[in-house]
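All remarks here apply to the structure that follows.
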């Protein structure tokens with residue numbers, strides 16, 4: 001399974017943000033909607049856009065912008081929960097793939113505004129990035145990956161999408177693209193699905 005394009009999700013795949021984002025949302029829902037939601041439940045929701053995650057908790061549409069603003073403020077500024085790091089091995093893997101001439105991409109539900117707040121230091125290595133702003137429909141819908149194929153004039157069989165959630169898996173499957181599960185960040189290992197599993201980021205080097 002040699003691939004010309006390796007496409008990554010960001011949260012839970014490149015950077016360890018799941019706990020930060022979940023803790024921020026947990027605090028927002030408790031303080032503003034009096035909802036006590038477990039972190040396990042919140043982890044399972046993290047594959048979608050912020051708006052869709054809030055909708056899944058039946059937050060009124062007219063309140064969503066306010067909830068998003070509070071969520072972002074807490075997640076990115078609360079000293080107790082705002083720190084994130086690359087997963088071990090990610091930086092070396094990305095740089096090695098780039099040196100080998102592999103086309104690297106990103107498909108994420110994160111907006112450009114949030115990516116800017118992340119101060120994402122590896123951006124220079126990714127030739128194509130599809131963010132939530134770029135399509136009207138988002139993961140698990142296949143549109144983000146299909147948009148990547150259009151932008152890069154590439155074929156699905158030449159690509160693999162690497163992510164950590166069931167939403168990522170569905171997006172790849174509906175795009176007729178191979179999927180690789182990032183076990184280092186996956187909360188749900190998707191044990192019932194037949195798919196490629198990477199125990200470590202460095203294992204990705206075996207498919208190029």
Determine if the range 40-51 includes at least one residue that is over 29 Å from residue 94 (Cα atoms) and crowded, with 16+ Cβ neighbours inside 10 Å. yes
Selection status of residue 167, out of contact with any helix residue (DSSP H, G or I) (no Cβ under 8 Å at 6 or more places or on another chain), in the same structural domain as residue 107 (by TED's automatic domain parsing) and closer than 19 Å to residue 45 by Cα: yes
Residue check, residue 96 against (1) part of a loop (DSSP other than H, G, I, E, B); (2) in contact (Cβ under 8 Å) with a residue 40 or more places away in the chain; (3) surrounded by fewer than 19 Cβ atoms within 10 Å (Cβ to Cβ), all met but one. Which one? (1)
So residue 105 clears everything in (1) at pLDDT 95 or above; (2) crowded, with 18+ Cβ neighbours inside 10 Å; (3) within 29 Å of residue 200 (Cα to Cα); (4) out of contact with any strand residue (DSSP E or B) (no Cβ under 9 Å at 6 or more places or on another chain) except one condition, right? Which one? (4)
Residue list for the range 151-184, restricted to those being surrounded by fewer than 22 Cβ atoms within 10 Å (Cβ to Cβ), in a loop (DSSP other than H, G, I, E, B) and within 16 Å of the chain's Cα centre (by Cα): 183, 184
As an exercise: evaluate residue 2 against (1) surrounded by 15 or more Cβ atoms within 10 Å (Cβ to Cβ); (2) modelled with pLDDT under 95; (3) not in a helix (DSSP H, G or I) and give the number of the one condition it does not meet. (1)
Which residue is farthest from residue 46 (Cα to Cα), if the candidates are limited to the range 71-90 and must be in a helix (DSSP H, G or I) and at pLDDT below 95? 77
Those residues of the range 139-150 which are outside any helix (DSSP H, G or I) and within 21 Å of residue 1 (Cβ to Cβ), in sequence order: 142
Those residues of the range 24-52 that are in contact with a helix residue (DSSP H, G or I) (Cβ under 7 Å, 6 or more places away or on another chain) and either part of a helix (DSSP H, G or I) or assigned by TED's automatic domain parsing to the domain that holds residue 202 (or both) come to a total of 11
Looking at 88, 118, can you tell me which residue is in contact with a strand residue (DSSP E or B) (Cβ under 9 Å, 6 or more places away or on another chain), closer than 20 Å to residue 18 by Cβ and surrounded by fewer than 18 Cβ atoms within 10 Å (Cβ to Cβ)? 118
Give me the pairs: first residue in the range 190-201 and on the phi > 0 side of the Ramachandran plot, second residue surrounded by 15 or more Cβ atoms within 10 Å (Cβ to Cβ) and in a strand (DSSP E or B), beta-carbon distance under 7 Å, and six or more apart or on different chains, which are they? 190/181
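The values are calculated or read from the model by the stated rules, or taken from the named source; none is laboratory data. This is a predicted model, so every value here is computed, not measured. No Cβ is skipped: glycine too gets one built from the backbone with ideal geometry, and neighbour counts run over all protein chains shown.
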